[in-house]
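As structure tokens, the structure follows; a few thoughts come after it.
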Amino acid sequence: QVQLVESGGGLVQPGGSLRLSCAASGSGFSTYSMGWYRQAPGKQREWVATITPGSSTNYADSLKGRFTVSRDNAKNTVYLQMNSLKPEDTAVYYCYTKRRILLRDYDYWGQGTQVTVSS
């Protein structure tokens, strides 16, 4: 089993920055891709970013370079640096990963951390 715990959310003013962390339990962290998703009230959960074991990254086009995902394999932690935050970035942010075991995929989600961008 995999446990993911997000932290670092909070209230920030428009234009501000915030860094989220996701700590993963267990071994083997360095061999799996990790992702960030977010869900705003009344909206579908949307993909934000992913990072591979080799630290190759991909981002949602709408973020326009404002977000940066990174990882520290020694700490079993993935980060999401969010800059130039906008009110529309307000959402619960979730850490995600999956495991493929015996032809089945298993999804793992953190509990989420609230990010509120407001003046």
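Values in this text are rule-based calculations from the coordinates and carry no lab data. This one's a predicted model, so the numbers in the text were calculated from it and none came from an experiment. Every residue, glycine among them, receives a Cβ derived from its backbone with ideal geometry; neighbour counts consider all protein chains shown.
Computed quantities for the displayed model
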{"quantity": "Packing rank of 59-67, 21-29, where each peptide gets the mean count of other beta carbons within 10 Å, highest leading", "calculated": "21-29, 59-67"}
{"quantity": "Cβ charges +1 (Lys, Arg) and -1 (Asp, Glu), total dipole of the chain, debye", "calculated": "140 debye"}
{"quantity": "Label corresponding to Cα extents along the principal axes in Å when calculated from the structure given, among [x] 41, 26, 25; [y] 48, 25, 23; [z] 48, 29, 24", "calculated": "[z]"}
{"quantity": "By average C-beta atoms within 10 angstrom, highest first, the peptides 78-86, 97-105", "calculated": "78-86, 97-105"}
{"quantity": "Neighbour net charge for ARG99 - beta-carbon separation under 15 angstrom, K R +1, D E -1", "calculated": "+1"}
{"quantity": "Inter-label distance, nm, simple model (7 Å from Cα along the C-beta direction), LYS86/TYR106", "calculated": "3.9 nm"}
{"quantity": "Cβ-based charge dipole, the chain, positive-most Cα from THR50, ALA60, ALA40", "calculated": "THR50"}
